[in-house]
Amino acid sequence: MLVHGAFADASSWAPEVTRLHNLGYTVYAPANPLRSPSGDAAYIKSFLQTIDGPVVLVGHCYGGAVITQAAAGLRNVKALVYVAAFALDKGESAATALPADKYPGSQLTPDKWEVRKYPDPSAPGGTTDFGSLG
């Protein structure tokens, strides 16, 4: 199962889906809602729970943070693959993983983001900070 990151949609995996299908694999590339890490992970987890058999879960960019949470506790997920993706530690966020002083000139550091509160019933306190490039 292939999970896209921010600034993309599921069609970004089209070449990989075609190659894997041609090799005989069943491939899923669901749309990642891009609403909040916890909400996106819950959606991807619900999709994973409909798949019988073993799953290799692949995430790109922000999708890496999503697959880490989505796979938690699922026995059918046999491997996580991070393709230029966030492989965050527990309690770490994309913002803490990209400090501006460590990556000078980067356009993806938190100081370049516009952050808004987004209602998210699955998040502690009922809201999630959602960032976009300002």
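Remarks
- Per residue, the accessible area of the chain comes to 60 Å² when a 1.4 Å probe rolls over the protein heavy atoms.
- Cα-based reach from residue 117 at 13 Å (exclusive), listing aspartates and glutamates while leaving out same-chain residues under 8 positions away: 129
- Percent accessible area from carbon and sulfur atoms, segment 1-119, protein chains only, probe 1.4 Å: 58 percent
- Net dipole in debye of the chain [+1 Lys, Arg Cβ; -1 Asp, Glu Cβ; about Cα centre; nearest 20]: 220 debye
- Residue 35 contributes about 120 Å² of solvent-accessible surface, heavy atoms of the protein only, 1.4 Å probe.
- Rounded accessible area of residue 56 (nearest 10 Å², 1.4 Å probe): 80 Å²
- Largest first, the residues 128, 50, 68, 18 sort by 1.4 Å accessible area into 50, 18, 68, 128.
- Put 115, 3 in order of accessible area, highest first, and with a 1.4 Å probe you get 115, 3.
- With DNA, RNA and ligands ignored, accessible area of residue 47 (1.4 Å probe; Å², nearest 10): 50 Å²
- Reachable aspartates and glutamates, given that their alpha-carbon falls under 14 Å from the alpha-carbon of residue 78 and they are not under 8 places away in the same chain: 52
The values are calculated or read from the model by the stated rules, or taken from the named source; none is laboratory data. Everything numeric in this text was worked out from a predicted model, so none of it was measured. Note: ideal-geometry Cβ built from the backbone for every residue, glycine included; neighbour counts use all protein chains shown. Please note that ligands, DNA and RNA were not included when accessible areas were found on the heavy atoms of the full protein model with its side chains. Shrake-Rupley method; radii C 1.70, N 1.55, O 1.52, S 1.80 Å.
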